[in-house]
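The structure appears below as structure tokens.
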2 protein chains.
Amino acid sequence: MPKSDQPKPKKQYHHGNLRQALIDAGLELIAEGHGAQIDLRKVARKVGVSHTAPYRHFADRNELMAAIAEEGLRNLADKVHRKIETVPDDFLSKLEAFAREYVEFAIAHPQLMREMFSGINTDYDAHPTLRQALLYLFEPLVSTLKQSQAADEIAKTEYVHLTLIIWSMIHGFSALVVENYVIRKSLQGTEAIDNMVHLCVQTLYHGLARKDTL
Amino acid sequence: MPKSDQPKPKKQYHHGNLRQALIDAGLELIAEGHGAQIDLRKVARKVGVSHTAPYRHFADRNELMAAIAEEGLRNLADKVHRKIETVPDDFLSKLEAFAREYVEFAIAHPQLMREMFSGINTDYDAHPTLRQALLYLFEPLVSTLKQSQAADEIAKTEYVHLTLIIWSMIHGFSALVVENYVIRKSLQGTEAIDNMVHLCVQTLYHGLARKDTL
DNA sequence: TATAATAAGTTTGCGCTGTAAACATATCGT
DNA sequence: ACGATATGTTTACAGCGCAAACTTATTATA
């Protein structure tokens, strides 16, 4: 994803549009394993601009990291959307697809995942686009959730709360995998992970599948 | 917790025992809100030693942070143990107590929590004491879990996997609270949190309460 | 079309950090 | 008593975030 000349953001200045280039470079550095120790100067160097150029587009390091995290969130959401459309239209299938994609993304991009949920940045009252990205991520899950509630399949608890419960489980497992608190002993490899994701999903499903309110 | 002269660690050198003093100072700095941005020099300054003194006790910054994280984990485990002994001896009660204490700790020490689970440090193959602390944290939960399995109350799935499922849910919710991804809209305050913890626990309990294997 | 205003990028500089190396001193084993 | 070793200090250096002053390209306006 090099400098794109899409209709939206900036015009054609010196660089093209540096803002996006910096975000992309940041994502690449993270992907290359440079860890959460990304610094403004490395990113600038990678793009080929001076080390203070980013300050024309981001107030400080935190704002760049927030933008990177937000882009990562959108990438995750895209991945989820793509997959979830291909599975049968029942709650369990959608839930399992959501969980599987989420965890898969976390394993594929551990450093990015860490950055995405490493706080401080999460001023998502200030940054409305971040809120938007979150809503986008959960949209397919919420939709099947409501459908399932209408069909008396799962508890009538507020869907926001149900979403949070599901997110907690999936995100928690992802976090523990990313932070290496899991495996080490078990079968290792993807097989054990897949099995665990299945267990988490089953627990969620049977825990939520009630006709009353929790 | 100033410099202690317990029987275990080091003798009475120049400082007393600096290692523990550095860990304590680090915990205090984190508690004072200095965030995850703790640096070696501040910690050394706080203790009153030169800024390279820590290198006689920790190979690098990461090792100090790992030690701080480990101490934090033990504090959490202590808190859980203290509480869980006071509740009725049934699975649901113990589970709820575990969850409540875990989340409460996360809310009380968000920065520490972040540091404890911010990766890289988690070489808990290399550091056996960290593994020990983890086992200590989960010991009361595992114990009631096995008891409950024996009584045909919950699924006969491997207890390690069940523990991981429970941990995922509780830790995930804690993480989302710490990173400010939750609340903002809801009732705020501790009431909404308590309610959510209850929902998580209920979901876990009903999701796991089956006589077969998941 | 010329030119002032402004947006985008650069250079320079400062204080801070992590950490390596050389040095100093207290403690302990012999 | 004394050398070895553990502990702490001083000095030094490169890299970082960021502020300020400067340069250059773009845009708006006359």
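The tail of the calculated P(r) for the range B:10-58 beyond 17 Å holds 27 percent of all Cα-Cα pairs.
Pairing chain B with chain A buries about 3900 Å² of accessible area. This figure sums both sides and uses a 1.4 Å probe.
When you restrict to C-alpha pairs under 8 Å that are six or more residues apart and normalise by the size of the range B:10-58, the relative contact order lands at 32 percent. Measuring between their Cα centroids, the range B:18-49 and the range B:51-102 lie 18 Å from each other.
Dividing the summed -39500 (n - 2.57) terms of all DSSP H runs of n ≥ 4 by the residue count of chain A sets its mean residue ellipticity at 222 nm at -20500 deg cm²/dmol. When the surface is traced with a 1.4 Å probe over the full set of protein chains, A:His57 keeps roughly 60 Å² accessible. No solvent, one uniform scatterer per C-alpha: report log10 I(q)/I(0) for the range B:129-174 via the Debye equation at q = 0.30 1/Å, two decimals. Taking Cα atoms of the range B:129-174 as identical point scatterers yields -1.12. Interface residues of the range A:78-119, defined as those losing at least 40 Å² of solvent-accessible heavy-atom surface relative to the isolated chain (probe radius 1.4 Å), are listed as A:Arg114, A:Phe117.
With the label put 7 angstrom out from Cα along the Cα-to-Cβ vector, A:Pro88 ends up 4.0 nm from the copy partners, going from closest to farthest. Sorted from nearest, the other copies put their A:Pro128 label points 5.8 nm away, the label point being 7 Å from Cα in the direction of Cβ.
Relative contact order of chain A, taken over Cα pairs closer than 8 Å and 6 or more residues apart, is 20 percent. Please compute P(r) over all alpha-carbon pairs of the range A:61-214, binned at 5 Å starting from zero, and give each bin as a whole-number percent. Spelled out per bin, shortest first, that is 2, 9, 18, 21, 19, 15, 11, 5, 1, 0. Normalised by 2.2 N^0.38 Å, where N is the number of residues, the C-alpha radius of gyration of the protein assembly as shown stands at 1.04. Pairs from the table (A:Lys94/A:Lys146; A:Lys42/B:Lys46; B:Lys94/B:Lys146; B:Lys94/B:Lys156; A:Lys94/B:Lys211; A:Lys146/A:Lys211) lying more than 20 angstrom apart at Cα are A:Lys42/B:Lys46; A:Lys94/B:Lys211.
Taking a point 7 Å from the Cα of A:Asp90 along the Cα-to-Cβ direction, the residues of the range A:126-148 with backbone N closer than 16 Å to it are A:144-145, A:147-148. When all protein chains stay in place and ligands, DNA and RNA are ignored, the 1.4 Å accessible-area order of B:Arg41, A:Arg131, A:Arg56, largest first, is A:Arg56, B:Arg41, A:Arg131.
Computed over protein heavy atoms with a 1.4 Å probe, the accessible surface of chain B works out to 48 Å² per residue.
With its label point defined 7 Å out from Cα along the Cα-to-Cβ axis, A:Thr190 lies at 4.6 nm from the matching points of the other copies, in increasing order.
Nonpolar atom fraction for the range A:32-188, defined as the carbon and sulfur part of the 1.4 Å probe accessible area, stands at 50 percent.
The values are calculated or read from the model by the stated rules, or taken from the named source; none is laboratory data. Worth saying up front: this structure is predicted, and the values here are computed from it rather than measured. Here Cβ is always computed from backbone atoms with ideal geometry, including for glycine, and neighbour counts include all displayed protein chains. With ligands, DNA and RNA removed, areas are computed over all heavy atoms of the protein, side chains included. Shrake-Rupley method; radii C 1.70, N 1.55, O 1.52, S 1.80 Å.
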